[in-house]
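Asker: This is the structure, below, for whatever I ask next.
The values are calculated or read from the model by the stated rules, or taken from the named source; none is laboratory data. This is a predicted model, so every value here is computed, not measured. Cβ coordinates were reconstructed from backbone atoms using ideal geometry, including for glycine residues, and neighbour counts include every protein chain displayed. In case anyone asks, the SASA skips ligands and DNA or RNA and just uses the protein heavy atoms, side chains included. Shrake-Rupley method; radii C 1.70, N 1.55, O 1.52, S 1.80 Å.
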Amino acid sequence: MKSALPRVAVVGNGYWGKNLVRVFHELGSLELVCESRHESRLEVEQKYGVRTTPDFSVVLAHDEVDAVVIAAPAVQHYQLAKQALLAGKDVYVEKPLALSSGEGRELNELAAKNERIVMVGHILEYHPAILELKRLIRSGELGRIRYIYSSRLNLGKLRTEENILWSFAPHDISVICSLLDETPESVSSHGGSYVNPKIFDTTMTTCSFRSGVQAHIFVSWIHPFKEQKLAVIGDKRMAVFDDVERERKLTLFSHRIDWFDRMPVAVKDGGEAIPLDKSEPLKNECEHFLSCVAERTAPKTDGRNGIQVLEILEACEQSLRKEGTPVKVDARGAKPKYSAHETAVIDSPCNIGEGTRIWHFSHVMANSTIGKNCNLGQNVVISPDVTIGNNVKIQNNVSVYTGVILEDDVFCGPSMVFTNVVNPRSHIVRRHEYKTTRVKKGASIGANSTIVCGVTIGEYAFIAAGAVVTKDVPPYALMIGVPARVAGWMCYCGTRLEEGTGSQTCSACGRQYTVEDGCCAELASTQPVLA
């Protein structure tokens with residue numbers, strides 16, 4: 001029989017994972033540690049006497065593991081958490097929950113469906129100083145809050161998977177939203193990339209709230225000294241939380257501004273250190289998680305809390321890419337259920353279907369429509385007013401220009417080219433001359449091929465790599481060459497049919513066709529036998 005105390009497996013014994021391993025061991029709940037590095041596994045076995053493994057599947061299959069604690073790199077959070085939830089485990093994920101709000105929602109919905117718990121490691125919300133600061137705000141002792149300023153600065157740890165905004169700022173965003181009990185209406189972010197191109201090392205973000213409060217968040221991992229401060233400025237008193245300070249973690253100031261001869265004069269106060277509970281924040285957080293697992297209750301920092309932070313981070317990321325232009329935050333969380341990498345740019349308004357994934361450095365422009373369960377690879381551009389159906393796969397380095405329509409199940413190979421004007425000139429605007437190109441259901445377009453605008457590609461046609469299509473393509477046609485010509489016929493399943501006319505049967509799936517007069521059609525009586 002299992003112990004009444006939930007048993008956990010910690011995934012990752014690195015920079016922060018070591019602390020989680022230690023605390024869960026102290027709490028008597030550590031069952032297993034999953035770590036890829038051999039020397040790190042030996043260290044855990046010798047220090048704590050618990051089993052280790054380099055194989056995550058061992059964690060998932062372990063009957064004595066009730067919950068999985070994920071302290072792997074942020075880029076792995078979504079996949080590891082998803083696998084754990086599907087395996088019937090409760091999940092604790094270090095911040096951020098995922099690298100997109102779409103992935104966060106998927107995890108939260110999966111947890112709800114499987115009656116599992118998801119908790120996000122927003123540790124500051126379990127810090128005695130933050131809990132006291134929240135009490136001070138709610139009691140009115142600080143008066144009306146004017147603004148909040150936070151700084152999280154250090155030299156390292158430099159990352160390449162996510163920028164400083166996603167690495168450092170989640171703590172401050174979650175705390176500020178908790179202190180104010182509201183989500184910002186809009187954000188504005190500025191940043192600089194000094195170590196790695198396109199990876200922001202420092203950012204300054206301003207969050208504007210409906211209540212009139214503004215919060216300013218400064219984060220950097222190339223700063224000469226470590227600083228972790230949060231200042232809450234009220235019209236009665238001011239409070240400063242300094243997490244680097246050993247004793248005076250929370251200080252209350254009665255600074256005020258008096259007026260003499262119609263001029264403001266600052267009157268300073270020495271500050272009063274607020275006594276706090278000496279409990280360890282991480283231990284408080286881990287105890288809370290174990291309690292939630294045992295009692296089947298929702299954590300304070302649950303999946304919804306994690307999604308809220310991700311939505312704000314995504315708005316900040318958009319603002320960064322737009323050089324500080326304010327970006328609105330959807331406070332209701334009512335966003336499409338798609339996922340986009342942090343480097344992708346999604347203009348508004350556009351309509352993106354559930355389950356669609358948009359990868360690195362892609363750009364979806366305003367007024368475009370993308371269906372469900374599509375996949376847009378790296379460096380894909382979707383121009384304004386483009387319509388894309390469901391289950392469309394667009395590989396790397398493809399631009400889908402205005403005038404192009406992709407129906408359901410279309411495949412666009414890497415670096416294939418669409419055009420929308422037949423006689424382009426740089427010095428002449430021809431937007432009113434864009435021609436419509438339609439790619440019908442199930443068609444496949446090979447790598448490095450070119451589709452000259454104004455043509456229609458028939459259902460399940462197959463354009464070979466490097467072909468140049470200059471005229472309409474019949475359904476099921478195999479097109480090769482420059483200019484492309486019909487070189488044969490393709491089955492629904494992607495298998496080439498035998499040459500010749502008359503009745504044809506696919507050797508792979510058994511579908512039947514008739515080929516005559518330069519056309520190919522599937523027989524209506526065909527019974528699909530695809531697995």
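Asker: Identify, among 489, 232, 312, the residue whose Cα sits farthest towards the positive end of the charge dipole of the chain, taking +1 on the Cβ of Lys and Arg and -1 on the Cβ of Asp and Glu, with the dipole about the Cα centre.
Answerer: Final value for the positive-end residue is 232.
Asker: Report, to the nearest whole %, how much of the accessible area of the range 118-248 belongs to carbon and sulfur atoms, 1.4 Å probe, protein only.
Answerer: Heavy-atom surface of the range 118-248 belonging to carbon and sulfur, 1.4 Å probe: 50 percent.
Asker: A follow-up question, please. Rounding to the nearest 20 debye, state how big the charge dipole of the chain is about its Cα centre with +1 on each Lys and Arg Cβ and -1 on each Asp and Glu Cβ.
Answerer: I would put it at about 800 debye.
Asker: Counting DSSP beta bridges with both partners in the chain, what percentage is antiparallel, nearest 5?
Answerer: In the chain, DSSP labels about 50 percent of beta bridges as antiparallel.
Asker: Charges on Cβ only, +1 for Lys and Arg, -1 for Asp and Glu, centred on the Cα centroid of the chain; of 444, 327, 340, which one is farthest towards the dipole's positive end?
Answerer: The residue sitting farthest along the positive end of the dipole is 327.
Asker: To continue, here is another question. If I take every Cα pair under 8 Å that is 6 or more residues apart in the range 449-516, average their sequence separation and divide by the length, what percent do I get for the relative contact order?
Answerer: Relative contact order for the range 449-516 comes out at 21 percent.
Asker: Let me ask something else. Counting heavy atoms of the protein chains only and a 1.4 Å probe, report the per residue accessible area for the chain as a whole number of Å².
Answerer: With all protein chains present, the chain gives 47 Å² per residue.
Asker: Would you mind computing, in nm to one decimal, how far apart the modelled labels at residue 196 and residue 278 are, each placed 7 Å from Cα along Cα→Cβ?
Answerer: Here the modelled spin labels are 4.1 nm apart.
Asker: Now, a different point. So how do 361, 253, 260, 462 rank on accessible area, 1.4 Å probe, biggest first, that is with the largest at the start?
Answerer: 260, 361, 462, 253
Asker: Applying 1/(1 + (r/R0)^6) with R0 = 56 Å to the Cβ-Cβ distance of residue 323 and residue 508, what FRET efficiency is obtained, to the nearest 0.05?
Answerer: For residue 323 and residue 508, the calculated efficiency is 0.60.
Asker: Can you give me the Kirkwood hydrodynamic radius for the range 118-257, using every pair of distinct Cα atoms, in Å to one decimal?
Answerer: This gives a value of 15.7 Å.
Asker: Show 238, 204 ordered by accessible area, largest first, where the area counts protein heavy atoms only and the probe is 1.4 Å.
Answerer: Correct descending sequence by accessible area is 204, 238.
Asker: Okay, next question. Run the quick spin-label model on residue 210 and residue 45: label points 7 Å from Cα toward the beta carbon, then report their separation in nm to one decimal.
Answerer: That separation, rounded to one decimal, is 5.6 nm.
Asker: Collect residues whose amide H, placed 1.01 Å from N in the peptide plane, falls under 5 Å from the amide H of residue 93; neighbours closer than 5 in sequence don't count.
Answerer: Distant-sequence amide H within range of residue 93: 70, 119, 120, 121.
Asker: Determine the gain in length on full extension of the stretch residue 75-residue 247; use 0.36 nm per residue of separation and subtract their C-alpha separation, reporting nm with one decimal.
Answerer: 58.4 nm
Asker: Using 22 Å as the Cα-Cα cut-off, could you pick out the over-long pairs in 18/249; 198/229; 337/440; 198/226; 236/268; 82/337?
Answerer: Among 18/249; 198/229; 337/440; 198/226; 236/268; 82/337, the Cα-Cα distance tops 22 Å for 18/249; 198/229; 337/440; 198/226.
Asker: Now a separate question. Using θ = phi - 60° and the Karplus relation 6.51 cos²θ - 1.76 cosθ + 1.60, list the HN-Hα couplings for the range 236-253 in order, rounded to whole Hz, with x at every Gly or Pro.
Answerer: Result, ordered by residue: 9, 9, 10, 10, 10, 9, 10, 7, 7, 5, 7, 9, 8, 5, 10, 10, 10, 10 Hz.
Asker: Using amide H atoms built 1.01 Å from N in the peptide plane, name the residues 5+ places from residue 352, or on other chains, whose amide H lies under 5 Å from its own.
Answerer: Correct list: 370.
Asker: Report, in debye and to the nearest 20, how large the dipole of the range 3-84 comes out about its Cα centre when Lys and Arg carry +1 and Asp and Glu carry -1 on their Cβ.
Answerer: 200 debye
Asker: In percent, how large is the relative contact order of the range 251-397, given Cα pairs closer than 8 Å and 6 or more residues apart?
Answerer: In percent, rounded to a whole number, it is 12.
Asker: What number, in percent, do you get for the relative contact order of the chain if the mean sequence gap of Cα pairs under 8 Å and at least 6 apart is divided by its residue count?
Answerer: 8 percent
Asker: Got a sec to turn the phi values of the range 317-322 into Karplus ³J(HN,Hα) couplings, 6.51 cos²θ - 1.76 cosθ + 1.60 with θ = phi - 60°, whole Hz, x for Gly and Pro?
Answerer: Listing the rounded values in order: 4, 4, 5, 4, 5, 9 Hz.
Asker: A further question follows. Give the long-range amide H neighbours of residue 146: residues separated by 5 or more places, or on another chain, with amide H under 5 Å away, using H modelled in the peptide plane at 1.01 Å from N.
Answerer: Close amide H contacts, sequence-distant or interchain: 233, 234, 235.
Asker: Under unit Cβ charges (Lys, Arg +1; Asp, Glu -1), what dipole magnitude, rounded to 20 debye, does the range 147-271 have relative to its Cα centre?
Answerer: Computed charge dipole of the range 147-271: roughly 200 debye.
Asker: Order of 209-218, 19-28 by packing, highest average Cβ count within 10 Å first?
Answerer: Result, highest mean Cβ count within 10 Å first: 19-28, 209-218.
Asker: Please state the equivalent ellipsoid semi-axes for the chain: what are the square roots of 5 times the Cα gyration tensor eigenvalues, largest first, in whole Å?
Answerer: Ellipsoid semi-axes (Å, largest first): 53, 31, 18.
Asker: Short version: ³J(HN,Hα) in whole Hz for each residue of the range 383-389, in order, from phi by Karplus 6.51 cos²θ - 1.76 cosθ + 1.60 (θ = phi - 60°), x for Gly and Pro, what are they?
Answerer: With coefficients 6.51, -1.76 and 1.60, one gets 6, x, 6, 6, 10, 10, x Hz.
Asker: Output the peptides 129-136, 315-322 sorted from most to least packed, where packing is the average of other Cβ atoms within 10 Å over each peptide's residues.
Answerer: Top to bottom by mean Cβ count within 10 Å: 315-322, 129-136.
Asker: How far is it, in nm, from the label point at residue 258 to the one at residue 115 when both lie 7 Å from their Cα along the line to the Cβ?
Answerer: About 6.6 nm, to one decimal.
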